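Encoded as structure tokens, the structure appears first; notes follow it.
Just so it is clear, none of the values below were taken in a lab; they were calculated from the coordinates. What you see is a predicted model; the values in this text were computed from it and never measured. Note that each Cβ is placed from the backbone with ideal geometry, even for glycine, and that neighbours are counted across all protein chains shown.
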Amino acid sequence: MKHIAIFASGSGSNAEKISEYFAERSDVQITLILTNNPQAGVIERARRLHIPVVVFDRKTFYETDRILDLLKNNKIDLIVLAGFMMLIPASMVEAFPDRMVNIHPALLPKFGGKGMYGHFVHEAVVANKEKESGITIHYVNQHYDEGNIIFQTSCEVTETDNADSVADKIHVLEHQHFPRVVDEVLSSLS
């Protein structure tokens with residue numbers, strides 16, 4: 001059995017879609033959902049899906065090995081960042097080489113990097129008068145949004161779109177593609 005840990009900081013819609021995708025599978029388990037936000041909507045989603053939730057603070061994440069040890073003790077094969085807002089510590093990146101993926105709500109390398117997440121990305125896309133946006137699923141390294149790209153797909157951005165309508169289009173792409181790409185990455189692991 002392969003074990004997945006999902007990190008999320010927000011509502012958790014992608015975490016839920018991934019969990020639902022694997023729900024009937026006997027060879028894959030969503031073992032943990034971890035969050036740095038004690039108010040995150042992902043906590044309630046995880047409870048509803050009967051997936052253990054771990055809430056941690058910044059100090060625990062960056063100044064101890066507790067989260068890394070938890071991942072190792074639970075024999076995690078793949079870490080999925082699904083709207084997780086913190087930079088991953090180098091020790092964790094090194095412990096899970098090419099076993100950690102992130103989704104970004106734009107076509108990297110455009111609109112990536114520190115501070116470029118969620119609504120900030122969509123506002124920048126609209127302000128820049130982009131003709132398209134999309135999603136990028138990539139491996140995680142020690143820099144925001146710079147890991148090797150696994151998958152990208154795009155959607156049209158029209159002159160009448162605003163940040164909210166672009167966000168809606170992006171969510172459709174995320175929910176449609178992220179679980180399948182996670183499955184493909186998991187299948188490629190030995």
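Would you please name the residue that is nearest to Lys17 (Cα to Cα), looking only at residues in the range 144-180 that are touching a Gly at 6+ places or on another chain (Cβ under 8 Å) and not small (Gly, Ala, Ser)? Filtering first and then ranking leaves Leu173.
For (1) crowded, with 21+ Cβ neighbours inside 10 Å; (2) touching a helix residue (DSSP H, G or I) at 6+ places or on another chain (Cβ under 8 Å), each residue gets a yes or a no:
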residue: Ser13; (1), (2): no, yes
residue: Glu16; (1), (2): yes, yes
residue: Ile30; (1), (2): yes, yes
residue: Lys59; (1), (2): no, no
residue: Tyr62; (1), (2): no, no
residue: Lys75; (1), (2): no, no
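Residues checked against (1) among the basic types (Lys, Arg); (2) in contact with a Cys (Cβ under 9 Å, 6 or more places away or on another chain); (3) within 15 Å of Ala8 (Cα to Cα):
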| site | (1), (2), (3) |
| --- | --- |
| Lys59 | yes, no, no |
| Asp65 | no, no, no |
| Met92 | no, no, no |
| Asn102 | no, no, yes |
| Gly134 | no, yes, no |
| Tyr139 | no, no, no |
| Tyr144 | no, no, no |
| Gln152 | no, no, no |
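The residue pairs whose first member lies in the range 35-61 and is more than 11 Å from Phe7 (Cα to Cα) and without any contact (Cβ under 8 Å) to a residue 12 or more places away in the chain, whose second member is of a type in the set (Val, Ile, Thr) and not in a helix (DSSP H, G or I), and whose beta carbons are closer than 8 Å, counting only pairs six or more residues apart or on different chains, are Arg47/Val53.
The test for being farther than 26 Å from Glu20 by Cα and out of contact with any strand residue (DSSP E or B) (no Cβ under 7 Å at 6 or more places or on another chain) does not hold for Leu49. Number of residues in the range 62-83 that are touching a residue at least 40 places away in the same chain (Cβ under 8 Å) and among the polar types (S, T, N, Q): the value is 1.
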